[in-house]
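Notes to accompany the following structure.
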Amino acid sequence: MTLKDLGEILEKMYYNAPKGSKILMVQLFGIKYADKINKLAYSYEDIAEQANISRNHGFNISTGIKLTEFVTLNDDAII
């Protein structure tokens, strides 16, 4: 998976988020794609920028990645 791929996924999740849930969707992106994100040499801010959202959302991606230690997604998770 490339930076462009991750950016496209995050962009869709962010802009299709239910009202009031954009930040939550960025965090869920971090949870779901943590392994793929950590394999890239790009910063979380670079991924946010690729998704056409504020680089400040790099913090929310990081939060999602940290949450992977405490949550488990099942195959039926809609993200």
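The table below gives the values:
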| quantity | calculated |
| --- | --- |
| Accessible area of the chain belonging to carbon and sulfur atoms, whole % at 1.4 Å probe | 50 percent |
| Within region 1-40, trypsin sites (Lys or Arg not before Pro) in DSSP loop having at most 16 other beta-carbon neighbours inside 10 Å | K19 |
| Whichever lysines have a C-alpha closer than 19 Å to that of K39, once near sequence neighbours (fewer than 8 apart) are set aside | K4, K66 |
| Accessible surface of S54 - all protein chains present, 1.4 Å probe, nearest 10 Å² | 60 Å² |
| Assigned charges on the beta-carbon of Lys, Arg, Asp, Glu; the chain dipole about Cα centre (debye) | 180 debye |
| Top positive-direction residue, dipole computed over the chain with Cβ charges, set I47, M1, Y33 | I47 |
| Gain in span if fully extended, E69 to L3, counting 0.36 nm per residue against the direct Cα distance | 21.4 nm |
| Region 1-63 - Kirkwood radius from inverse mean 1/r over Cα pairs (Å) | 11.1 Å |
| Summed side-chain charge close to R55 - residues other than R55 whose Cβ falls under 11 Å, Lys, Arg +1, Asp, Glu -1 | -3 |
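The values are calculated or read from the model by the stated rules, or taken from the named source; none is laboratory data. Note that the coordinates shown come from a computational prediction; the quantities given were computed from them, not determined experimentally. All Cβ positions, glycine included, derive from the backbone under ideal geometry; neighbour counts span all protein chains shown. Note: areas computed on protein heavy atoms with side chains; ligands, DNA, RNA excluded. Shrake-Rupley method; radii C 1.70, N 1.55, O 1.52, S 1.80 Å.
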